[in-house]
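A.B. asks: Handing you this structure, nothing more for now.
Derivation of every value follows stated rules applied to the coordinates shown; laboratory data play no part. Small disclaimer: the values here were computed from a predicted structure and weren't measured. Cβ: placed from backbone, ideal geometry, glycine included. Neighbour counts: every protein chain shown.
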Amino acid sequence: MLHSWDLSTGVDGPGTRFVAFLAGCPLRCLYCHNPDTRHMRDGRRTSADEIVGEAAKYVQFIRAGKGGATISGGEPLLQPLLTGELLHRFTHELGLHTALDTSGFLGDRATDALLADTDLVLLDIKSWDRALYRHLTHQELAPTLDFARRLADLGTEVWIRFVLVPGLTDATENIEGVASFAASLGNITRVDVLPFHKLGAEKWRALGLDFTLADTPTPTADQTAAARAVFAAHGLHAV
């Protein structure tokens, strides 16, 4: 089930990328900017042939932009067979750099073969505090950390993504926990500190959902810089 696809630059991995957004996600993040991808029914039935065929139209453009193809969502590991086939064919048929954008919660669904066809994992670690993680996502943190350790053992390149939400994830000890863990892995080449935004608020309203962070401010430039400095202090490249 495919929600949509797009071409992006510098957002979903290095360079210009073909991004397939698969439908369905087991998390219910309070700040989700794509709540319209929560359910499998939010997508349309498709095939790997169709998606690969669409990506093939842009291969020269993607290569010129030093990019590749990214599987995102939703949560792509909710559909591991489709995700695995796409990553394999993007690699072996189109010769593209591949990235998997995931929360890691369903990391045990990723086979070794799937990860062998994955050049980069964009891994969301939403909080170090377990209770806060559960509050933010309605799920547990442990599976994400287990997946991160597995990727480290495999030597897979990982970019960590951390959303900075004032009053929720911005406590120094919370950021410090994520930074210390990331630094211990040895395969983290970049950390994206993403300032919380409310660009998806209209989608929540359209779906009849209560966007509980409507009154939460976006972080200031100084707050964002301070969070990046915590990661940098652990020897990590934070942007």
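A.B. asks: Excluding Pro195 itself, what net charge comes from residues whose Cβ is under 15 Å from its Cβ, given Lys and Arg +1 and Asp and Glu -1?
C.D. replies: With Lys, Arg at +1 and Asp, Glu at -1, the neighbours total 0.
A.B. asks: Also, I was wondering about something else. Tell me, for the chain, which Cys residues have no other cysteine's C-beta sitting closer than 4.7 Å.
C.D. replies: Cys25
A.B. asks: Next question. Multiply the residue gap between Phe61 and Leu207 by 0.36 nm, knock off their C-alpha separation, and tell me the result in nm, one decimal place.
C.D. replies: Computed gain between Phe61 and Leu207 is 49.0 nm.
A.B. asks: Quick one: grab the alpha carbon gyration tensor of the stretch 1-66, order the square roots of its eigenvalues as a ≥ b ≥ c, and give me rounded if a/c is under 1.5, else prolate or oblate depending on whether a/b is larger than b/c.
C.D. replies: In terms of gyration-tensor shape, oblate.
A.B. asks: Quick check: Cα centre of the stretch 146-185 to Cα centre of the stretch 1-65, how many Å?
C.D. replies: 24 Å
A.B. asks: Please list, in chain and number order, the residues 5+ apart from Val163 or on another chain whose amide H is under 5 Å from its amide H, with Hs placed from the backbone.
C.D. replies: Leu194
A.B. asks: Another one. Could you pull out every residue, at least 5 positions away or on a different chain, whose amide H is within less than 5 Å of the one on Leu96? Hs are placed 1.01 Å off N in the peptide plane, and Pro or chain starts have none.
C.D. replies: Counting only residues 5 or more places away or on other chains, the set is Thr91.
A.B. asks: Does anything in the stretch 86-102 have its amide N under 13 Å from the 7 Å Cα→Cβ label point of Ala113, and if so which residues?
C.D. replies: Within reach of a label on Ala113, which here means backbone N under 13 Å from a point 7 Å along Cα→Cβ, the stretch 86-102 contributes 86-89.
A.B. asks: A follow-up question, please. What aspartates and glutamates sit close enough to Lys203 to cross-link, taking a C-alpha to C-alpha distance under 17 Å and skipping anything fewer than 8 places away on the same chain?
C.D. replies: Asp36, Asp42, Asp215
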